Amino acid sequence: MSLTRSALLAISENRWMRERGPRLWFVRRAVRTFMPGEAFDDMLRAAGELRPLGIEAVFTRLGENVAAAAEAAAVTRHYVEVLQAIASKGLRCEPSIKLTQLGLDLGTEQAYANLRAIAERSHETGNYLWIDMEQTTYVDATLELTKRLKAEFPGVGVCLQAYLHRTHDDLPALVDQGIGVRLVKGAYKEPPELAYPKKSEVDESFFRLSVAMLEGLGRNNGFRPVFGTHDTGMIARIRAHAERAGLAARDVEVHMLYGIQRAEQGRLVKEGAVVRVLIAYGTFWFPWYMRRLAERPANVWFVIRSMFAG
Ligand SMILES: Cc1cc2nc3c(=O)[nH]c(=O)nc-3n(C[C@H](O)[C@H](O)[C@H](O)COP(=O)(O)OP(=O)(O)OC[C@H]3O[C@@H](n4cnc5c(N)ncnc54)[C@H](O)[C@@H]3O)c2cc1C
């Protein structure tokens, strides 16, 4: 892991910086590349602009490591309300939620009660619910709660991280239960005992897991494979494999983050792939934004440029 990446990830977890970073005007300006705005309506507007291009949205209200039950309950209420608003507008935006935003640090039962309330509304409104994956300390609880939720509601998916050694063992049970999997490379700072340290190893792991996920489609049990990446070479490799396996172009569903690889998103849609863009909003964007900078340290130049832009 490069020094810059490592430093940015350390900043993302630093409480002092989490509080003060968002007040820096040039950081606020630079974050706009990845976020259409802090309000739910900003997300809706951005989703509306993507729809004519054949791209649907996934949305997330940024927040993590919520330390007060009342705050976790407020986050839950927010998701329940916006799910209703989305359904009444006839939109197709899928929520993606972090369990530490629902109170996982306060206890699994508390987080599950909140998650269940959101899943209930998601189910009633015919939506699909995604659960994000956070640091390794949360992986067991995240998978356990996802499986529990899937036993109650059909449209449930979870994120898996290709950089973790364990993911190869975690995947089969999820496929068996028809739980959707959004595969990503992994965004946190993890030790080499748990995560592949080299990018080339992470990429190979991603491809091997992708192949297994495409095979999972044959189960016809609702399993939904999603590839959450901006890596154009990797997407081409997965699509070529899918074609050789006799799958249709639309069997490859790619999710990307708002503001990244826009041209590639349009190209994939034209070629028949399913594309969704994850749009984030909310005021607690600092750690999330630092992880975006860490993924591509050249992005730090956006921040520096925004200090001098008029
Ligand atoms: C829809 C979605 C959901 C995600 N959910 C999670 C989650 O729940 N848990 C988790 O740990 N991680 C999550 N991630 C982040 C993920 O783990 C990676 O950190 C991130 O996607 C970068 O990896 P990559 O696959 O794009 O490939 P990389 O090999 O890192 O990048 C490939 C190319 O994409 C472009 N690119 C990548 N990142 C950026 C960036 N930030 N800015 C500009 N260009 C960039 C660059 O051109 C780069 O060369 C999610 C990512 C996506 C797309």
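The values are calculated or read from the model by the stated rules, or taken from the named source; none is laboratory data. Small disclaimer: the values here were computed from a predicted structure and weren't measured. Glycine gets a Cβ as well: all are built from the backbone with ideal geometry, and neighbour counts include every protein chain shown. Quick note on the areas: whole protein, heavy atoms, side chains included, nothing else; ligands and nucleic acids left out. Shrake-Rupley method; radii C 1.70, N 1.55, O 1.52, S 1.80 Å.
Its DSSP H runs of at least 4 residues, each contributing -39,500 (n - 2.57), put the calculated 222 nm mean residue ellipticity of the chain at -15000 deg cm²/dmol, to the nearest 500.
Peptides 64-70, 112-118, 98-104 ranked from most to least packed, by the mean per-residue count of other Cβ atoms within 10 Å: 98-104, 112-118, 64-70.
Along its three principal directions, the equivalent ellipsoid of the stretch 227-283 from the Cα gyration tensor extends over semi-axes of 23, 10, 10 Å, largest first. Close Lys pairs in the chain, defined as Cα atoms under 27 Å apart and 8 or more places apart or on different chains, number 17. Sites listed here are GluC sites (Glu not before Pro) in the stretch 86-189 whose DSSP assignment is loop and whose Cβ has at most 11 other Cβ atoms within 10 Å: Glu152.
At 1.4 Å probe size, with the rest of the protein present, what percent of the exposed accessible area of the stretch 139-275 is carbon and sulfur atoms? Ligands and nucleic acids excluded, carbon and sulfur give 53 percent. When DSSP assigns beta bridges and you keep just the ones with both residues in the stretch 132-261, what percent turn out antiparallel, to the nearest 5? So the antiparallel bridges in the stretch 132-261 amount to around 10 percent.
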